[in-house]
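Laboratory data are not the source of any read-out in this text; all were calculated from the coordinates shown. None of these values were measured; they are calculated from a predicted model. Cβ placement follows ideal geometry from the backbone for every residue including glycine, while neighbour counts extend to all protein chains displayed.
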Amino acid sequence: MALSLGNFRSLKIIDKTLVGIFLNKNNFSADDVLNYCYLLKSIGVDVFEIDSKVMKKIEKIPRGIDFLYQLNSQNDVEHCIKVGVKHCVIKWTKLINPFLYELILENNIDLTVEYEVENILDLYKLDKMLTIGKVKNTGKLRVKGLDKIISSSWIEIMEAIGTKYNLNIDVCPENSFSFATSLAVEAVMGGINTITASFMGYGTRKGYASIEEILMSIKLLMGIETDIKLETLPNIRRVFDQMTGMIAPGNKPVVGADIFKYESGIHVDAIEKEPMTYEPFKPNEVGQNRMIVIGKHSGRKSVKRKLKDFGKEVNDEILCSVLESIRNKSIEMKRGLNDREIIDILSLNKVM
Amino acid sequence: MIRIVDTTLRDGEQKAGIALCMQDKVEIAKLLSRAGIYQIEAGIPAMGGDEKNSIRKIASLGLKSKISTWNRMNIADITHSIECFPDIIHISVPASDIQIKSKLGKDRRWVVDNLKRCICFALESGCETIIGIEDASRADLGFILDIIFAACYEGVKRIRYADTVGICYREKVYKDIKALKSVFDIGIEFHAHNDLGMAVSNSIAAYRAGADYIDCTIGGIGERAGNCDYHEFVRSAKACLGELDYVTLTDVINIQNSIMSMIYTRAVS
């Protein structure tokens, strides 16, 4: 079931993560894969691109999950028919094989044809290619890549192509130049109703748009009522980390472990008065909590609050001395301080 | 031509848990200058102590990069900056109503009046003075124009558009920067945050709209999800705009690795 964007509009997000994971790893169970799928479903993604490797692991289609089978050979077509996956995607270059094309048509497979573009010029070439016939007959086109597109003018061209050839367009931006999420968000804002992306932008070649970034952008930027709920993101992240063996950077947007850690006095003070001063969204919206770090950039108020946690109150003179000691220790350690270290400083200042 | 403003030593270091000593800050500044960075935002002198001493030291090195300091909009902060002898004094101006009311407990009129006082004070020191429109992406565009008008009247020649909470998308960035450029003939700087994963893309859009100064940090480190990643921005600008040919991607990666190593190599405890 697609995500509702209000006004009778819905958005389908196709998750390409599993195909990428299975390229490199296979040391997890079918249950791990299904657990991943059901967790993604909880945030509104319920179509998963798979290939023969993924299908062989899980063996049968789980209830409530749609698959999009990536066809790379005749064997894939036969396997797809055998396991009963009804929707497939194929690179347009493979359709040159007439036997493959006929096999697909004979078996009434719902087909999306994938075409790669890098820039606006390529989109005009796509328009010409579509007159050939094989692609437009399928009714579904995936435009993949879009790596070098730097302005939003591509959306109009896509819409025109969709209207001219009566095609349902799926946009799959690749992240060669860090534009993928922008392109996906632009596509959704521009009226495109199917996006292919991956969790944390995962992909072994250039990477893709990040599902979690797209969903949060829709929530924050489109000014519409949505049913997007992202509290389960930390659970998804745990399963993903286990399957991939990756350790994502702490500042990864939306899901990073460090994105709600604060130290700077100016920020801590402002957030305590009104979190929205420096937060685009609340930690609990993405299943996280705020954390105050005591270190070089801490202000008097943070330190005062920390002392209160230890049951201590001090005058301004001692507070200044404690703050200076904290800053010096933090510089020496090149990090924030733990409670033990703070207590040691308080002892030296005869507070404890 | 893109001019990169590196804010690793200020916004970057504000990432919770990062603490640089003077030696590290000086070495990082030297590396950035050798890489051709136009401007290094060296820190916040009002923090005093080691931070202020570090900035004073960096400013005294005679580096090719311009050295700037970050200030809240008050005379005390600017006084600390003047004592460090930077090339540029940056004054951050809260521009959104949420920042003005919740953070400061003031109103728009107070912001403009106070801004004028601070700019005059900073300019009297002989330092180039620029202003940062803090939380510009959530501010009323009309009020942003008022702020810039007041600043230009007092002699400011560059402003920073700060997407403080990272909620810009590239069409909005393009339109906002174009709107500012259509009214004022001044330098525009763009400061991105990466909360929605669009910092690099937004920075490219800002340059296309006329913002010649782009803020980056090494490794994209900074508050929350960080800032525009220097390496990713250079890669995009080279491939998609044909810019920044004075530095190679290999050099950028080497600089990035050296600096990240300095930031994250910790004492054993």
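Observations
- Percent antiparallel among DSSP beta bridges (both partners in segment B:3-260, rounded to 5): 5 percent
- Loop-located chymotrypsin sites (Phe, Trp or Tyr not before Pro) across segment A:224-320 with a Cβ neighbour count of 15 or fewer within 10 Å are A:Phe310, with loop assigned by DSSP.
- Relative contact order, whole percent, for chain A stands at 13, derived from Cα pairs under 8 Å and 6 or more residues apart.
- Within straight-line cross-link reach of A:Lys329, lysines at Cα separation under 24 Å, skipping those fewer than 8 residues along the same chain: A:Lys261, A:Lys296, A:Lys301, A:Lys304, A:Lys306, A:Lys308, A:Lys312, A:Lys350, B:Lys15, B:Lys25, B:Lys52, B:Lys57
- The orientation-averaged projected area of the convex hull spanned by the Cα atoms of segment B:3-260 comes to 12.3 nm².
- Amide H contacts under 5 Å for A:Asn97, placed H, 5+ residues apart: none
- Over segment A:172-275, relative contact order from alpha-carbon pairs under 8 Å, at least 6 apart, %: 18 percent
- In percent, rounded to a whole number, the relative contact order of segment A:66-108 is 41, using alpha-carbon pairs under 8 Å and six or more apart.
- Cβ-based net charge around A:Arg300, under 10 Å, with every Lys or Arg adding one and every Asp or Glu removing one: +1
- Of all DSSP bridge pairs formed entirely within the protein assembly as shown, close to 5 percent run antiparallel.
- As a calculated quantity, the FRET efficiency between A:Ser29 and A:Arg305 at R0 = 51 Å, using C-beta atoms, amounts to about 0.65.
- Selected from B:Gly142, A:Asn107, A:Gly6, residue furthest toward positive end of dipole (the protein assembly as shown; charges at beta carbon): A:Asn107
- Cα-Cα separations in segment B:1-106 greater than 17 Å, expressed as whole percent: 53 percent
- Kirkwood hydrodynamic radius over Cα pairs of segment A:260-352, then Stokes diffusion coefficient at 10 °C and 1.306 mPa s, in µm²/s: 115 µm²/s
- Solution diffusion estimate, µm²/s, Stokes-Einstein, the protein assembly as shown, Kirkwood Rh from C-alpha pairs, 25 °C, viscosity 0.890 mPa s: 95 µm²/s
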